[in-house]
Amino acid sequence: MPLDSPPAADSASKSTNRLAIVDSDIHPAVKSLNCLKPHLEKKWWDHAMTYGFRRRHGSPSVEPYPKSAPLASRRDAWPEDGSGRPGSSLELMQKQYLDPAGVELGVLGPLGNTGQGELNLDLGAAFCRATNEWQREAWTSKDRRLKAAVVVPYEDGYASAKEIERVGHMKDYAQVFCLTRSSDPLGNRRYWPIYAAAQDHNLPVAFHVFGTSGHPVTGAGWPSYYIEEGAGGHSTSAQTVVTSLVMEGVFEQFPKLKVVIVEGGFGWLPPLTWRLDKIFERNREELSHLKRRPSEYIKQHIWISTQPMEEPEDRNHLLDTLRWVGHDRLLFASDYPHWDFDDPFRAFPAGVTPEQHRAMCAENGLNVYRV
Amino acid sequence: MARHVVARVDEIAPGGRKCITVDGRGVIVFNVKGEFYALSETCPHKGGSLAKGIITGLVESDAPGDYQHTRQGEIVRCPWHQWEFDIKTGRSYCDPRRMRLMKFDVKVEHGANLVEGPYVAETFKVEVEDDYVVVEV
Amino acid sequence: MTTDQTRSWAGAIDCDVHPRVPSIDVLRRYMDSYWSETVVVRGVDEFATIAYPKNAPLTARPDYAQDKADQDAGRTAKALLDPHGFGHAILNCLYAVQMIRDEHMAAAFARAVNDWVRHEWLDRDPRFRASIVVPYQSIDKAVAEVERCAEDKRFVQALFIAGTEEPLGKSRFWPIYEACERHGLTIGIHAGSSYHHAVTGSGWPSYWAEDYAASSLAMHAQVGSLVMEGVFLKYPKLKAVMIESGVTWLPPFLWRLNKFWRGTRMETPWIDRLPSEIVKDHIRLTTAPFDAPDEPGMLARIIDQLPSEDMLLFASDFPHWQNDGDAMLPPGIDSVLRKKILIDNPLATYPRLTIS
Ligand code: FES
């Protein structure tokens with residue numbers, strides 16, 4: 001039966017047999033940087049206060065492409081008491097999203113000054129550790145539906161592996177968290193310690209869009225506008241991750257590794273897969289470290305988040321694409337509290353069956369995340 | 001269709017808005033420079049509530065690099081995906097043919113006229129000497 | 001429909017054929033004495049590109065490689081045009097002028113390549129047409145080269161390589177487009193890179209296969225840039241062809257572009273309709289590679305995702321090894337669409353094809 005008018009999130013809580021939503025992308029924020037202070041050695045706190053954050057772009061804070069809304073957030077997600085930024089109040093998150101949407105498992109993905117991409121690798125590692133401690137203290141210990149991400153200083157493969165070893169055994173953590181815009185394509189061997197540790201701990205590795213690689217956002221240089229960064233830059237950075245992981249043999253090396261691509265859309269995945277298969281056929285000698293076609297690795301190892309939902313003019317195009325990606329590979333994500341938020345009951349097009357909806361919004365996630 | 005008295009005129013200042021529920025339906029009454037307009041609260045895109053949407057001007061352009069900024073205070077943006085709606089017409093700017101907010105007729109009526117009915121004003125004590133915003137839903 | 005119509009290549013316009021410069025010495029003949037001598041004095045090497053390693057499988061189909069068919073107009077005609085009965089072939093010379101850092105040297109090499117193409121290809125077979133290699137390291141010099149070559153109506157397009165230093169929509173490139181529009185020249189953006197920075201936003205991949213895959217990502221950037229910067233508002237008669245980087249990536253990118261635009265219209269208010277509608281009118285794609293799966297029945301659904309069937313231009317990508325035999329289009333294209341792709345769409349895209 002087609003899901004012609006899915007109920008809205010606010011009515012979902014009233015329904016008796018509501019779906020237990022698994023959300024693969026929720027962004028918790030610190031109320032202020034001070035939240036991390038208790039989890040940092042004095043040395044690193046002082047360092048950050050003295051030199052600020054230095055990543056591979058010019059500004060210590062400002063995004064080079066101003067967003068469409070402050071902090072790229074829903075305007076209704078700012079705590080009314082002025083206590084902090086969107087995503088910083090658990091209470092508001094519960095009231096505004098988790099409860100009405102019926103989220104049973106929400107996987108966190110902290111962004112901002114988390115240490116990722118820091119030029120000073122030790123500072124980066126210290127802030128990642130602090131961010132991981134803070135997630136337990138402020139979020140997962142307070143709401144059992146939420147699971148933390150092991151935020152890793154991915155430009156330093158060994159420090160990243162160390163951090164996964166440190167906390168990866170704890171039930172609070174559901175995934176390892178990297179950003180797509182890295183300094184080398186993420187299949188490069190310098191990142192393999194991350195995958196080894198993640199595989200050991202049965203943690204999927206999430207690659208979330210953003211990051212400061214130091215390279216122009218696109219292979220054609222720096223674009224002018226946020227829309228170019230957002231519509232093109234993010235999805236192409238996600239395509240680079242998939243291409244690199246597959247072609248550089250990561251899944252041969254780590255046959256149990258699970259990967260989740262987050263917030264880059266998903267419509268591009270079938271065409272990219274078709275493209276990689278053709279290229280592989282013609283270049284088997286260069287790629288002799290691969291034992292199977294790219295599409296087979298993708299089908300086995302990669303899951304992809306549904307947000308931001310693709311919205312072609314003709315919904316049949318989307319229904320085709322969902323099928324081509326595979327309803328078993330798609331994980332619902334809300335991206336709460338960001339402006340391109342998707343609601344689990346409104347985001348999907350009419351024509352998606354309740355079974356498919358349940359797979360994408362609940363079942364698949366339970367298979368991917370260690371819960 | 002019934003006429004609902006939803007606010008005293010001085011309750012909604014210019015630039016302000018009031019969210020109300022009429023017959024179970026969310027409606028927002030905007031005061032744009034002294035004129036009142038009423039739109040459905042729910043965004044036709046994916047259901048965001050316009051109650052917290054920022055109110056802005058309109059930017060139009062004749063050529064790359066040209067920014068004509070007019071009609072300050074007449075556009076409301078959905079707090080979710082940032083679609084722009086014309087407060088006066090409910091029309092969207094990103095898909096004017098297909099997407100608009102439902103618009104309701106608004107009148108300002110003197111209390112003396114309202115006491116005569118027909119109108120619905122359960123939550124209001126209508127005073128003969130004041131002016132009221134009346135929405136037809 | 002007879003089977004013949006669905007198989008015939010007669011009159012087809014091949015929008016992507018690559019003549020190979022046999023050696024830098026050949027180009028020296030088309031340089032002034034200073035540059036010709038410079039090549040010798042400074043030991044200037046071939047400007048070959050890692051985008052097409054000489055002996056990599058894709059670079060030349062084995063049968064074409066064997067007799068160096070791409071190094072000579074007559075051999076190319078014999079290998080490609082004669083057996084299929086093509087009406088025209090548009091030559092896109094990939095000698096890597098775009099890689100050169102010195103803008104004066106780039107201009108000298110662009111001139112030499114264009115004159116070589118004119119004398120040794122266009123003059124030798126009336127079926128050939130060509131793209132102008134543009135030294136856009138300097139906008140002034142690029143415009144001058146377009147003006148110089150445009151007098152010869154057999155030049156139908158100005159050629160860019162997708163991996164530019166800056167996206168091609170930026171206003172500094174507009175004088176080139178002004179000249180192109182005025183002369184009825186189309187813009188062609190071909191796979192590859194100037195390699196002035198990494199080919200992906202996340203750095204340099206380890207394998208050639210990844211580099212080649214990334215050229216469709218650069219195309220995303222170029223389409224986004226040309227549309228959002230307003231190039232087609234400024235130059236409404238201009239069309240841009242994305243060459244040799246696949247077809248199927250485009251629709252999902254347009255979904256994203258449209259969706260973002262709805263929320264960010266205020267950033268580029270000159271864009272007053274869906275970006276996909278602008279793309280439909282101004283962007284074209286060559287068909288090799290196509291990047292579609294082999295499953296029968298899927299092709300129609302994939303093509304249906306494109307804003308228009310008018311966007312597809314036939315290309316063999318000679319001598320690149322995209323396919324074998326004469327399987328130059330994906331199977332399952334009906335004869336009506338086939339004729340559009342082979343003939344009508346190229347004619348509508350390249351105004352100079354009908355005047356010359
Ligand atoms: S819900 Fe209002 S713009 Fe999407």
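The values are calculated or read from the model by the stated rules, or taken from the named source; none is laboratory data. None of these values were measured; they are calculated from a predicted model. Virtual Cβ from ideal backbone geometry, glycine too; neighbours counted across all protein chains shown. Accessible surface is based on the protein model in full, side chains and every heavy atom, while ligands, DNA and RNA are left aside. Shrake-Rupley method; radii C 1.70, N 1.55, O 1.52, S 1.80 Å.
Pick from C:Glu165, C:Glu181: which is open to solvent by 10 Å² or more (accessible area, probe 1.4 Å), within 20 Å of A:Glu228 (Cα to Cα) and either modelled with pLDDT under 95 or not in a strand (DSSP E or B) (or both)? Talk me through it step by step, then tell me what you get.
Numbers: C:Glu181 fails: within 20 Å of A:Glu228 (Cα to Cα).
Matching residue, one of C:Glu165, C:Glu181: C:Glu165.
Hey, can you tell me all the residues within region B:42-90 that are more than 16 Å from the ligand (Cβ to nearest atom), assigned to a loop (DSSP other than H, G, I, E, B) and touching a residue at least 12 places away in the same chain (Cβ under 8 Å)? Working first, answer last.
So the first thing to find is which residues in region B:42-90 are more than 16 Å from the ligand (Cβ to nearest atom), and the list is B:57-74, B:88-89.
Subsequent filtering for residues that are assigned to a loop (DSSP other than H, G, I, E, B) retains B:61-67, B:88-89.
Within region B:42-90, B:Lys88, B:Thr89 qualify.
If C:Ala214 satisfies every condition in (1) outside any strand (DSSP E or B); (2) farther than 25 Å from A:Thr212 by Cβ but one, which is the exception?
Condition not satisfied by C:Ala214: (2).
Would you check if A:Ala220 is of a type in the set (Gly, Ala, Ser) and more than 10 Å from every other protein chain (Cβ to nearest Cβ)? If you could, list the steps in order and put the result at the bottom.
Working: of a type in the set (Gly, Ala, Ser): yes; more than 10 Å from every other protein chain (Cβ to nearest Cβ): no.
So A:Ala220 fails the test.
Of the residues A:Leu257, A:Leu245, A:Leu276, A:Leu272, which is open to solvent by less than 10 Å² (accessible area, probe 1.4 Å) and outside any helix (DSSP H, G or I)? First the steps, then the outcome.
Working: A:Leu245 fails: outside any helix (DSSP H, G or I); A:Leu276 fails: outside any helix (DSSP H, G or I); A:Leu272 fails: outside any helix (DSSP H, G or I).
Within the list A:Leu257, A:Leu245, A:Leu276, A:Leu272, the selection yields A:Leu257.
Identify all residues within region B:46-73 that are on the phi > 0 side of the Ramachandran plot and within 9 Å of chain C (Cβ to nearest Cβ); write none if there are none. Break it down stepwise before answering.
Start the filter on region B:46-73 by keeping residues that are on the phi > 0 side of the Ramachandran plot, which leaves B:47, B:65, B:71, B:73.
Residue satisfying the conditions is B:Gly65 alone.
So which residues in region A:146-163 are surrounded by fewer than 21 Cβ atoms within 10 Å (Cβ to Cβ) and of a type in the set (D, E, K, R), if there are any at all?
A:Lys162
Any residue in region C:318-325 that is more than 16 Å from the ligand (Cβ to nearest atom) and part of a strand (DSSP E or B)?
Residues of region C:318-325 more than 16 Å from the ligand (Cβ to nearest atom): C:318-325.
Next, only the ones that are part of a strand (DSSP E or B) stay: C:318.
Yes - at least one qualifying residue is present in region C:318-325.
Could you say which residue among A:Ala130, A:Ala125 is in contact with a Gly (Cβ under 8 Å, 6 or more places away or on another chain), open to solvent by 10 Å² or more (accessible area, probe 1.4 Å) and assigned to a helix (DSSP H, G or I)?
After ruling out the rest, the residue left standing is A:Ala125.
Which of the following residues is over 24 Å from C:Gly230 (Cα atoms), more than 11 Å from every other protein chain (Cβ to nearest Cβ) and open to solvent by less than 60 Å² (accessible area, probe 1.4 Å): B:Val76, B:Val22? Explain how you work it out, then say what you get.
Details: B:Val76 fails: more than 11 Å from every other protein chain (Cβ to nearest Cβ).
Residue meeting the stated conditions: B:Val22.
Just one of (1) within 14 Å of chain C (Cβ to nearest Cβ); (2) more than 16 Å from the ligand (Cβ to nearest atom); (3) assigned to a strand (DSSP E or B) trips up B:Asn31, so point out which.
All conditions pass for B:Asn31, except number (1).
Going by the structure shown, is A:Phe345 within 30 Å of C:Asn55 (Cβ to Cβ) and either away from chain C (no Cβ under 14 Å) or more than 19 Å from the chain's Cα centre (by Cα) (or both)? Show your work before the answer.
Numbers: within 30 Å of C:Asn55 (Cβ to Cβ): no; either away from chain C (no Cβ under 14 Å) or more than 19 Å from the chain's Cα centre (by Cα) (or both): yes.
Criteria not met by A:Phe345.
Only one of (1) over 25 Å from C:Thr264 (Cα atoms); (2) at the interface with another protein chain (Cβ under 8 Å from one of its Cβ atoms) fails for A:Glu281. Which number is that?
So the condition that A:Glu281 fails would be (2).
Does region A:295-304 contain at least one residue that is open to solvent by 50 Å² or more (accessible area, probe 1.4 Å), part of a loop (DSSP other than H, G, I, E, B) and not aliphatic (A, V, I, L, M)?
No - not one qualifying residue is present in region A:295-304.
Report, by residue number, each residue of region C:246-293 that is out of contact with any Lys or Arg (no Cβ under 8 Å at 6 or more places or on another chain), at the interface with another protein chain (Cβ under 9 Å from one of its Cβ atoms) and not in a helix (DSSP H, G or I).
Once the filter is applied, which keeps residues that are out of contact with any Lys or Arg (no Cβ under 8 Å at 6 or more places or on another chain), at the interface with another protein chain (Cβ under 9 Å from one of its Cβ atoms) and not in a helix (DSSP H, G or I), region C:246-293 yields C:Val247, C:Thr268, C:Pro269, C:Trp270, C:Asp272, C:Leu274, C:Phe290, C:Ala292, C:Pro293.
Would you call A:Asn188 away from chain C (no Cβ under 14 Å) and either farther than 16 Å from A:Gly124 by Cα or without any contact (Cβ under 8 Å) to a residue 12 or more places away in the chain (or both)? If you could, list the steps in order and put the result at the bottom.
On the way: away from chain C (no Cβ under 14 Å): no; either farther than 16 Å from A:Gly124 by Cα or without any contact (Cβ under 8 Å) to a residue 12 or more places away in the chain (or both): yes.
So A:Asn188 does not fit the description; no.
Quick one: which of C:Pro205, C:Pro236 is modelled with pLDDT of 95 or more, open to solvent by 10 Å² or more (accessible area, probe 1.4 Å), within 8 Å of chain A (Cβ to nearest Cβ) and not in a helix (DSSP H, G or I)?
None of the other options fit; the residue is C:Pro205.
Condition check ((1) of a type in the set (D, E, K, R); (2) open to solvent by less than 50 Å² (accessible area, probe 1.4 Å); (3) in contact with a His (Cβ under 7 Å, 6 or more places away or on another chain)) across all residues:
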{"site": "B:Gly53", "(1), (2), (3)": "no, yes, no"}
{"site": "B:Gln72", "(1), (2), (3)": "no, no, no"}
{"site": "B:Trp80", "(1), (2), (3)": "no, yes, no"}
{"site": "B:Lys88", "(1), (2), (3)": "yes, no, no"}
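Is one or more of the residues making up region C:112-129 under 24 Å from C:Pro53 (Cβ atoms), aliphatic (A, V, I, L, M) and touching a helix residue (DSSP H, G or I) at 6+ places or on another chain (Cβ under 8 Å)?
The answer is yes; a qualifying residue exists.
Does C:Trp249 satisfy being within 16 Å of the ligand (Cβ to nearest atom) and of a type in the set (A, V, I, L, M, F, W, C)? Explain how you work it out, then say what you get.
Working: within 16 Å of the ligand (Cβ to nearest atom): no; of a type in the set (A, V, I, L, M, F, W, C): yes.
Here the answer is no, as C:Trp249 does not meet what is asked.
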